[in-house]
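The values are calculated or read from the model by the stated rules, or taken from the named source; none is laboratory data. In this text, all values refer to a predicted model and were calculated from it rather than measured experimentally. We place every Cβ from the backbone using ideal geometry, glycine too, and count neighbours over all the protein chains shown.
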Amino acid sequence: MLQKIKIDKELVRERFSKTLQSYGDNAFVQKRMARTLLEMISFEVPGASFERVLEVGSGSGALMAELLSRYSVRAYYANDLVEESSLCLRQVLDRFPVDDFHFISGDIECYDFLPSALDLVASNATLQWLDDLDDFFSKMYDHLRPGGIFAFSTFSTSNMQEISSIEDVGLSYHSTGELEILAGRYFDILTCREEKELIEFSTPEAVLHHIRNTGVNGLLRQSWTKSRYQHFIAEYRRLYSCENGVSLTYHPVYCCLKKKLI
């Protein structure tokens, strides 16, 4: 039976901090998700500018670069668990400057005082690391202006199912339907859709290398024994071999929401 892990935010911070420099080169799925999310925002909000934007989970700056390449933003607030993320964002801002930039370091769930009257809250591949989505949605509702947009991508129930099936441990992903129910308490749903993608790697070892270099192994602190490692490699090859090696499932969800006018 799959063991659902309570997220250790400090471990998540440590793992992503170590892989921040390699993340941009290895997180090709998350980069595509950032582009897809911005295409969704552009379709729903066809204007050319936002006054006030909050990004949750800014990471290496992929979403910021996509957003600022399409919109002018007067005030940009970026949050990430990893303080060093601000250095990556500064490099993006060298290409796409904004008038007013603020970095908010730490766990977004621990902040009660966030910028208000936001036009847009955006988040790419981050919400799966939060403990209480209902509380988070409520908080974003409170800080958006009337009619403001909340757009995010995250992962759903089949994400990296190969890893969880062998290790019997994984994140508590929400289904698209569950996300719509949670979001629907506070927002009108403009768009919500999911995709599944099988990524092929040459070997199970290459899968583990990919996971380490994107920081998404921030679930457990315990080290693998040699026997556990060998078992994982053998089971992965036995269960998930494909024409070009082995496969890994990504299951992204994209939602674009509008604050309800109550």
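So is GLU51 touching a residue at least 40 places away in the same chain (Cβ under 8 Å) and surrounded by fewer than 23 Cβ atoms within 10 Å (Cβ to Cβ) or not? In short, yes.
Test ILE104 against the criterion of being over 30 Å from PHE232 (Cα atoms), in contact (Cβ under 8 Å) with a residue 12 or more places away in the chain, not in a loop (DSSP other than H, G, I, E, B) and not hydroxyl-bearing (Ser, Thr, Tyr), and give yes or no. Criteria met by ILE104. Against the list (1) free of Cβ contacts under 8 Å to residues at least 12 places away in the same chain; (2) part of a helix (DSSP H, G or I); (3) over 19 Å from the mean Cα position of the chain (by Cα), the condition TRP224 fails is (2).
Of the residues LEU257, LEU190, the single one that is in contact with a Ser or Thr (Cβ under 9 Å, 6 or more places away or on another chain), under 20 Å from LEU133 (Cβ atoms) and either of a type in the set (A, V, I, L, M) or modelled with pLDDT under 95 (or both) is LEU257. Say whether the condition of being out of contact with any strand residue (DSSP E or B) (no Cβ under 7 Å at 6 or more places or on another chain), in contact (Cβ under 8 Å) with a residue 24 or more places away in the chain and charged (D, E, K, R) is met by at least one residue in the range 250-260. Checked against the condition, which is being out of contact with any strand residue (DSSP E or B) (no Cβ under 7 Å at 6 or more places or on another chain), in contact (Cβ under 8 Å) with a residue 24 or more places away in the chain and charged (D, E, K, R), the range 250-260 yields no hits at all. Within the set GLU83, GLU55, GLU51, the sole residue that is outside any helix (DSSP H, G or I) and either polar (S, T, N, Q) or touching a Lys or Arg at 6+ places or on another chain (Cβ under 6 Å) (or both) turns out to be GLU51.
Just so you know, in the range 74-85 the residues that are surrounded by fewer than 24 Cβ atoms within 10 Å (Cβ to Cβ) and modelled with pLDDT of 95 or more include one that is farthest from LEU133 (Cα to Cα), and it is ARG74. Whether a residue is at pLDDT 95 or above, in a loop (DSSP other than H, G, I, E, B) and of a type in the set (A, V, I, L, M) was assessed, and VAL98 passes this test.
Against the test of being on the phi < 0 side of the Ramachandran plot and under 20 Å from the mean Cα position of the chain (by Cα), the options SER116, SER85 yield a single qualifying residue, SER85. In a helix (DSSP H, G or I), touching a Leu at 6+ places or on another chain (Cβ under 8 Å) and under 25 Å from TYR250 (Cβ atoms): does that describe ALA151? So ALA151 does not fit the description; no.
Here is the figure for the range 67-80: residues that are in a strand (DSSP E or B) and of a type in the set (A, V, I, L, M) total 3. Can you pull out the residues in the range 13-37 that are modelled with pLDDT of 95 or more and either crowded, with 21+ Cβ neighbours inside 10 Å or in contact with a Pro (Cβ under 6 Å, 6 or more places away or on another chain) (or both)? Hits for the range 13-37 are MET33, ALA34, LEU37. Flag: VAL98 does not match the condition of being within 17 Å of THR154 (Cα to Cα) and either out of contact with any strand residue (DSSP E or B) (no Cβ under 7 Å at 6 or more places or on another chain) or among the β-branched types (Val, Ile, Thr) (or both). Based on this model, can you work out whether GLU84 counts as in contact (Cβ under 8 Å) with a residue 60 or more places away in the chain, under 17 Å from LEU257 (Cβ atoms) and out of contact with any Phe, Trp or Tyr (no Cβ under 6 Å at 6 or more places or on another chain)? Judged against the criteria, GLU84 is not a match.
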